[in-house]
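The next block holds one structure in the form of structure tokens; read it before the comments.
Every number in this text was worked out from the coordinates using simple rules, so none of it is lab data. Remember, it's a predicted structure, so these values are computed and weren't measured experimentally. As a convention, Cβ positions derive from the backbone with ideal geometry for all residues, glycine included, and neighbour counts pool all protein chains shown.
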Amino acid sequence: MQAEEHTEVPRFKNSWNKDIISGFLVFLIALPLCLGISLACGYPAISGIFTAIIGGITATFLSNSELTIKGPAAGLIVIAIGCVTDFGFTSGQNPTADFEAYRMALAVGVASGLLQVLLGLFKTGKLSEFFPTSVVHGMLAAIGVIIIVKQLPIVFGTSAKGGPLELLINMPKYLSNLNPEIAAIGLMSLLILFVIPLFKNKYLSKVPGPMLVVLAAIPLGMYFDLSHNHTYSFAGKAFNVGEIYLVDVPSNLFSVMTFPNFSALRNPIAWKWVVMFLMIGSLESLLSAKAIDLSDPWKRKTDMNKDLVAIGVGNTIAALIGGLPMISEIVRSKANIDNGAQTRMANLFHGMFLLLFVALVPSLLHQIPLSALAAMLVYTGCRLASPKEFKHIYHVGSEQLIIFTSTLIGVLATDLLIGVGIGIAVKFGIHLKNGASFRSFLKPEYDFEKNENSVKITPRQDTLFCNWLSLKSQINKHGITVNQSVEIDFSNTKLIDHTVMSKLNEMKGEFGRKNLTLSSCGLDQHVPLSSHKLAARKLVKKIDKTLSSSL
């Protein structure tokens, strides 16, 4: 659906029926994912439901982001499980220690939420644009790989411990010890998620994949009698099954609300995780909100600072009662658009449906097999680390693939913060190799030439991801703010990186919606580093005429 088809911005009184329908359909997707993400994080299963309910209520009224869905996300699993592990989480071997680790992680969540509120109030939402595109994608791909290797053993009914690379190396050993009945449920769930979308059936496509998995997995779990502990034989071997392979949920929501243990904040390691939740959670949320704005049929624009405040408030409240961290979740938000949502009330309705379901029929949640939830997370991980992502990055430029891969390997071998730092360091190194100057990293300078209804901005140095915020500020100041068209003259610029090319391409659409133009000139002496239209460009003074004419 194209933006120009929608000129009148929708109001709730005219679109409530569409928002309710979309909210219900998103609820069907969110319900099993919230449970699965919670368990993968080392939190009680109900924690993700708390978060989605609170996100639906708080963000609806505190943010102007119309079509994003707030809730727990797979992208934060790596941080959450790392946090509880540092506080003594034992994966069920010592329930008392696990509960205390969970309470300590909640204290980290409160601190992170309050800092998010401050970041929004101090208008730092724009800092999300500092991070290079390939580094962000590399980080998300690494998170996808980690989710896959941690959840695959659960899909097959086995247990595994260790870091991502260790799990990857030992995966054949874990899978050779699979539990056949549990693996049957997990494999069926994976089959549904990967194969069903290939069938173009209009009735089947209306049921969300995660809900199809639940509808199929619950009867199979009942057939295997997972509600009762027993032993069965297969191929001459004995296997144990029982309630430990089902979701553990309370019959009363209020009875399991958990208050944080704030003594955790006296431990220096806690602040490492505060920073991780704050940085990665805020970055992923702001990027998701921006992506959804681009897909909004009415092209409404989220106030990123206001949205950051809303998420911070939601995170603080969620952590105070036992919930997971929340973000603007991209998959559920896209489903919200596809289902016809028109206002932010769809987010509220999705939260209300979750509240009603867990309040009225919690016993039904207990029938969901854990292997089915793990399969959903494996599917999510495969989407984050899809081979298409590698292919796309390579087409943008081989140097982008180096940055992407360095970030991915760095995260897998160390942790998120260090991995992102490695990716950024590699990016700087490639820029220096391509002739960028240290001066342009720190202090960009511009010349301005004003015409009657436009302005030409000429950067004096390289235009790179690290000085993009400065260039964007100048474009907005001399363009959108004063309702003028802008031309960027790159004739004095030695290097223009992919992040800048990508961001400029996004801004062209913003200018176009205001009947203005954002254009560029001075690129005839630059050679793109790949055939992609948004590839980085390098100034070459002596350039072959044939090559020049082909650009």
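Just a few scattered comments:
- Within the chain: Cβ-based charge dipole about Cα centre, in debye rounded to nearest 20 (Lys, Arg +1; Asp, Glu -1): 1080 debye
- Cross-link partners of Lys206 among lysines (Cα-Cα below 20 Å; sequence separation of 8 or more within a chain): Lys18, Lys334
- Shape of the stretch 221-266, Cα gyration tensor, a/c cut at 1.5: oblate
- Distant-in-sequence amide H partners of Ile69 (H built 1.01 Å from N, under 5 Å): Glu329, Ser333
- The stretch 230-366 - percent relative contact order, Cα under 8 Å, separation 6 or more: 32 percent
- Mean separation of Cα contacts under 8 Å (6+ apart) over length of the chain, as relative contact order %: 25 percent
- Estimated FRET transfer efficiency when R0 is 35 angstrom, pair Trp16-Arg513 (beta carbons, to 0.05): 0.85
- For the stretch 34-383, diffusion coefficient by Stokes-Einstein and Kirkwood Rh (Cα), 25 °C, 0.890 mPa s, µm²/s: 119 µm²/s
- Cα gyration tensor shape for the stretch 69-214, rounded if a/c is under 1.5, else prolate or oblate: oblate
- FRET efficiency, 1/(1 + (r/R0)^6) with R0 25 Å, evaluated for Leu364 and Asn252 via beta carbons: 0.95
- Fewest-first sequence of Trp16, Trp273 by Cβ atoms within 10 Å of each Cβ: Trp16, Trp273
- Counting 0.36 nm for each residue step from Ser491 to Asp524 and taking away their Cα separation leaves a gain of 11.1 nm.
- Selection from Leu127, Ala216, Ile321, by position along the positive dipole direction of the chain (Cβ): Leu127
- Relative contact order (percent, whole number), the stretch 386-545, Cα cutoff 8 Å, 6+ residue spacing: 20 percent
- Pairs of Lys residues in the stretch 418-474, spaced 8 or more positions apart or belonging to different chains, with C-alpha separations under 27 angstrom: 8 in total.
- Taking trypsin sites (Lys or Arg not before Pro) across the stretch 6-62, the ones in a DSSP loop with at most 12 further Cβ atoms lying within 10 angstrom of their Cβ are Arg11.
- A DSSP coil position with no more than 11 other Cβ atoms inside 10 Å describes the following GluC sites (Glu not before Pro) in the stretch 420-481: Glu452.
- Between Ser176 and Glu452, the distance separating the two model label sites (each 7 Å from Cα on the Cα→Cβ line) works out to 8.0 nm.
- Ranked packing of 101-111, 48-58, 153-163, most packed first, by mean Cβ within 10 Å: 48-58, 101-111, 153-163
- Phe357/Ile169 FRET efficiency (R0 45 Å; Cβ-Cβ; nearest 0.05): 0.65
- Arranged from fewest to most other beta-carbon atoms within 10 Å of their beta carbon, Lys503, Lys126, Lys202, Lys301 become Lys202, Lys126, Lys301, Lys503.
- Dipole of the chain computed with +1 at Lys/Arg Cβ and -1 at Asp/Glu Cβ about the Cα centre; of Phe199, Met279, Asn229, farthest Cα towards the positive end is Met279.
- Solvent-free Debye calculation, one equal scatterer per alpha-carbon of the stretch 182-327: log10 I(q)/I(0) at 0.14 Å⁻¹ equals -1.07.
- Dividing the helix sum by the residues of the chain, where each DSSP H run of 4 or more adds -39500 (n - 2.57), gives a mean residue ellipticity at 222 nm of -18500 deg cm²/dmol.
- When each of Glu329, Glu166 is scored by the number of other beta-carbon atoms lying within 10 Å, the sequence from fewest to most is Glu166, Glu329.
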